[in-house]
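The values are calculated or read from the model by the stated rules, or taken from the named source; none is laboratory data. Note that the structure is a prediction, hence the values are computed from the model and not measured. In this analysis, Cβ positions are derived from the backbone assuming ideal geometry, glycine residues included, and neighbour counts consider all displayed protein chains.
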């Protein structure tokens with residue numbers, strides 16, 4: 001069984017494929033959600049905040065490529081594209097817009113499950129977002145992951161190693177709420193035996209460097225009774 005039941009969104013307009021994948025996901029201990037068109041997929045994505053998306057390339061009204069682009073604007077969630085036949089050029093294009101892997105139809109559900117397991121393991125191991133340079137609110141906040149630099153209103157901000165790692169962790173999944181314990185494990189290490197509230201001090205210092213108003217933060221949001229998340233509080 002998979003701990004905490006990872007959520008997987010399967011998007012395909014062929015009911016038999018969806019039913020087969022859902023059955024395998026449930027058997028493997030995942031929590032599956034199904035959509036048969038692009039509109040439903042985007043609605044479910046916003047409501048469910050899945051850990052991985054299995055996305056058919058050819059969908060009615062909104063293509064799989066367009067859905068992938070929309071998701072990638074705000075999320076680093078792993079995406080596996082399902083497709084009939086695809087050229088190398090088309091595959092490269094799909095990878096460039098944010099797909100993490102491709103599975104060609106017809107496919108073995110066991111192969112798909114192996115790809116899902118592999119991608120989720122890789123996602124859990126890293127905290128870096130998809131793109132090297134990320135920005136928000138017309139470059140009010142900009143992060144360059146290659147040079148490990150952060151700019152606020154065009155001015156470089158000097159973050160500590162912990163503050164930078166904390167910020168990268170939060171932006172990996174913009175809608176995910178991280179508990180203090182989760183942030184400590186990722187940022188300070190699982191063997192850290194200090195107080196949980198230590199993370200609050202790092203959050204306070206980070207806010208003082210990237211927020212216009214620390215009493216009404218725009219980027220590092222507090223979820224009372226739970227922890228923190230990255231957002232755009234306008």
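If we keep just the residues of segment 93-116 that are surrounded by 11 or more Cβ atoms within 10 Å (Cβ to Cβ) and modelled with pLDDT under 75, which is farthest from residue 46 (Cα to Cα)? The selected residue is 93. Only a single item in (1) within 21 Å of the chain's Cα centre (by Cα); (2) under 16 Å from residue 103 (Cβ atoms); (3) loosely packed, with under 15 Cβ neighbours inside 10 Å is not met by residue 12, and it is number (3). For segment 207-220, enumerate the residues that are surrounded by 16 or more Cβ atoms within 10 Å (Cβ to Cβ) and either at pLDDT below 90 or not in a loop (DSSP other than H, G, I, E, B) (or both). Residues satisfying the conditions are 207, 210, 220. Tell me yes or no: at least one residue of segment 150-163 is surrounded by 12 or more Cβ atoms within 10 Å (Cβ to Cβ), in contact with a strand residue (DSSP E or B) (Cβ under 8 Å, 6 or more places away or on another chain) and assigned to a helix (DSSP H, G or I). Within segment 150-163, none of the residues are surrounded by 12 or more Cβ atoms within 10 Å (Cβ to Cβ), in contact with a strand residue (DSSP E or B) (Cβ under 8 Å, 6 or more places away or on another chain) and assigned to a helix (DSSP H, G or I). All of (1) buried (at least 17 other Cβ atoms within 10 Å of the Cβ); (2) part of a helix (DSSP H, G or I) hold for residue 142 with one exception: (2). Within segment 32-41, one or more residues are outside any strand (DSSP E or B), touching a strand residue (DSSP E or B) at 6+ places or on another chain (Cβ under 6 Å) and assigned by TED's automatic domain parsing to the domain that holds residue 98.
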